[in-house]
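Peer 1: Quick one: the structure is below, questions incoming.
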Amino acid sequence: MKFKKKPYLIINIVLTGVILLVMIYSIVFSPDKDDYPVTCIHEKLTGEPCVSCGLSHSFSLILRGRFNEAYQWNVYGMRVFLFFALQLIMRIAFSLFYVRFTNTRKQLMIMDIIGSILLFLIAFRQFFSYLIHYS
Amino acid sequence: MEEEVKNNTGQNLGIAALITAIITFVLAVIPCVGLMAIIPGIIAIVLASVGLSHAAKTDSPRGVLVAGLIIGIVASLISFSQIFVAGKIAEKADKWPGRIEEIVTDIQDKVLEDLEDASVSIKIESGDEKIEINTSANKKDLIEKLEELEEEDTVVADTLDQE
């Protein structure tokens, strides 16, 4: 089977890679050393911390099993991390289903899109309300 | 053969646009990096537009391209709205220094009021030696002391007059 003719599989593979990069970033950079290269632009501009501040710390701490500290760094960190973790599993599982069950590909893709949108809205709900509240 | 290559170009552009748009969308919602997301957002729109023009020429499927374009536009708009959010918060933050100044002045006044009746005691011990300094900032005490000093006979006996 050629990947070139299956955009769904290519998209899944690339997104899996992106999520893995996020995980690697969280593992490589240490919350104790505080050496994260990405800083909050929002805080730099306004001088006020935003709703997503401490998310990198939170991810790193979750991956190290320090859940209480992760919660203290960012309240929504766990929810967003679970979204990424679920997406990683979903990308792999849906790709396997796509290859195995050729008759139900369309239904599978629709289910994937609806499920991902719902998960995204649940995980980033607070970020959306923050955006709506201030804009 | 040439047509197949053209079709592939359109499809590849569509996939690239859709992936960029999805990543942009996730980034745009996060306030910390939301403003930066406008760059991949524009890239996604450009890729989708180029792909659509290719698809129009070759009459190839446009589903992925249209999806990439729509998600790219929405993500860019969300990213752009982060500027307004930052602006509003900065506006609020500007009001803070004035309020902080007021609070500091209030605290300062209260501390001064409390200190009016305060008494300070300093004890220094070094081995057997002991020094104790007691002072009071009590307004009433200070007034009484001043009055006592004024009442005291300030004329110092001159030895020359006595002779």
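Peer 1: For peptide B:83-91, compute the average count of partner chain beta-carbon atoms within 10 Å of each residue's beta-carbon. Present the calculation step by step, with values, prior to reporting the outcome.
Peer 2: Values: counts 2, 3, 10, 10, 4, 4, 9, 5, 1.
For peptide B:83-91, the averaged partner shielding equals 5.
Peer 1: Rounding to the nearest 20 debye, state how big the charge dipole of the protein assembly as shown is about its Cα centre with +1 on each Lys and Arg Cβ and -1 on each Asp and Glu Cβ. All intermediate terms of the calculation are to be shown ahead of the outcome.
Peer 2: Values: 27 positive and 36 negative charges, 1187 e Å.
With Lys and Arg at +1 and Asp and Glu at -1, about 5700 debye.
Peer 1: For the pairs A:Lys44/B:Lys110; B:Lys110/B:Lys130; B:Lys123/B:Lys145, flag any whose C-alpha to C-alpha distance is greater than 28 Å.
Peer 2: Values: A:Lys44/B:Lys110 35 Å; B:Lys110/B:Lys130 34 Å; B:Lys123/B:Lys145 23 Å.
In this structure, A:Lys44/B:Lys110; B:Lys110/B:Lys130 exceed 28 Å between Cα atoms.
Peer 1: Something else now. In peptide B:16-25, what is the residue-averaged number of other protein chain Cβ atoms found within 10 Å of each Cβ?
Peer 2: Details: counts 3, 0, 5, 8, 1, 0, 6, 3, 0, 2.
That average works out to 3.
Peer 1: Between segment B:29-58 and segment A:102-135, what is the C-alpha centre distance in whole Å?
Peer 2: Segment B:29-58 and segment A:102-135 have Cα centres spaced 19 Å from each other.
Peer 1: On the principal axes of its Cα set, how long, how wide and how thick is segment A:20-125? Give whole Å, largest value first.
Peer 2: The Cα atoms of segment A:20-125 stretch 53, 27, 24 Å along their principal axes.
Peer 1: Next up: Test of understanding: express the Cα radius of gyration of segment A:84-129 as a ratio to 2.2 N^0.38 Å, with N the residue count. Don't skip to the answer; put the middle values down first.
Peer 2: On the way: Rg = 12.4 Å, N = 46, 2.2 N^0.38 = 9.4 Å.
Here the answer is 1.32, to two decimals.
Peer 1: Do any cysteines of chain A lack a neighbour Cys whose Cβ is under 4.7 Å away, and which are they?
Peer 2: Cysteines of chain A left without a disulfide-compatible partner: A:Cys50, A:Cys53.
Peer 1: How big is the protein assembly as shown along each principal axis, measuring the range of its Cα positions in Å and listing the largest first?
Peer 2: 137, 42, 31
Peer 1: Oh, and also: What are the membrane-span-like helices in chain A by this rule: whole DSSP H runs, Cα extent along the axis at least 27 Å, mean Kyte-Doolittle hydropathy at least -1.0?
Peer 2: A:7-28, A:77-100
Values in this text are rule-based calculations from the coordinates and carry no lab data. Please read all numbers here as calculations on a predicted model, not as lab measurements. All Cβ positions, even for glycine, are placed from backbone atoms using ideal geometry, and neighbour counts span all protein chains on display.
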